[in-house]
Amino acid sequence: MSKKNNRLHGHYCKICGEYKANEKFSGKGHATHICKACSRLSAAEKAAAMDMNRLMSFPMRRLSESEKKWLKAKMKDNCQEVADMAKEVYNICFPHAECNAMKKQLIINILSFKVHTEVYDRYGDMEMADCLFTIDRKSRTLTMTDFHADSGEQSVVLDGGKMAKLLRYIVHTLEIFMWEQDYCLNPDGDDFFTDILLKEGIYVDDLGEKGEALPEEPEGRPSWQVHIEYSNHTVQDISSFDDYLPERPEELYLSFMEYFESDYEIL
Ligand SMILES: [Zn+2]
């Protein structure tokens, strides 16, 4: 620590973490490194202020076991402010942790996926897709409506294990709950991922830039749209006006199509 070198003037308060002029300290305060303002705080307030201080200057490097342990304990602190800050710091130190925590709790009840753009089929040929896929977890039904084909609507009922596997794949592998961020989709000015984190109290942050001007209303039909209802009552709605399917939506499209290829039953 080089507190003294950095700040030759003033005196450090270990509670608020500020360097203050000598007159802000009482005689006893000098010795205990607690300024007059902080000495009036209750013991709990002092502890919380010190925790906040430590969290604010938490090292952004690989944490030692004891640092990790301290941080985890603080995430459950009685003081909400400390707990929130600890979660935020934890999420910064372990960026995948929040994503994994999300995955564990997200179960898709209903999903609809509309595609209206050019796609590559599994033979690598370009074709125009204009269809809607829906999944209903309870009835284990996957439905495809092809708006250009005579066959119209087709359904398959998956056995329980296969439906669970498909839904897990969509959440865990395709990380559909991140698509809004991944593909910069912001149809209604809300961000599903941030919303759900805020709602679940996993992550508290003002991500800012909410006040910026709304993007111009895109013209025409969306090239693809997703609507999902999760078992925790959150709803995700996204639509894209880019004239192609990005990687993961394309993977989703192709994996749905597999169920409706004519030779699927034989496989
Ligand atoms: Zn102080």
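Key figures
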{"item": "Out-of-range pairs (alpha-carbon distance over 30 Å; input 87/138; 72/165; 46/103; 69/104; 28/72; 76/162)", "result": "87/138; 72/165; 46/103; 28/72; 76/162"}
{"item": "Value of relative contact order over the range 91-164, rounded to a whole percent, pairs C-alpha under 8 Å and six or more apart", "result": "20"}
{"item": "Relative contact order of the range 1-156, pairs being alpha-carbon contacts under 8 Å that are 6 or more residues apart, as %", "result": "10"}
{"item": "Relative contact order computed over the range 44-93 (Cα-Cα under 8 Å; 6+ residues apart), in percent", "result": "40"}
{"item": "Computed magnitude of the charge dipole of the range 71-144 (debye, nearest 20; Cβ of K, R +1, Cβ of D, E -1)", "result": "600"}
{"item": "Environment charge at residue 108 (Cβ cut-off 13 Å; Lys +1, Arg +1, Asp -1, Glu -1)", "result": "+3"}
{"item": "Trypsin sites (Lys or Arg not before Pro) lying in DSSP loop within the range 127-156, provided at most 14 other Cβ fall within 10 Å", "result": "138"}
{"item": "Per-residue ³J(HN,Hα) for the range 166-177, Karplus 6.51 cos²θ - 1.76 cosθ + 1.60, θ = phi - 60°, Hz, x for Gly and Pro", "result": "5, 5, 5, 4, 5, 7, 7, 8, 7, 6, 4, 5"}
{"item": "Overall Cα dimensions of the range 44-93, principal axis frame, Å, largest first", "result": "29, 17, 16"}
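No value in this document is a laboratory result; all are computed from the given coordinates. Just so we're clear, the structure is a prediction, and the values are computed from it rather than from any experiment. Note that we place each Cβ from the backbone using ideal geometry, even for glycine, and neighbour counts take in every protein chain shown.
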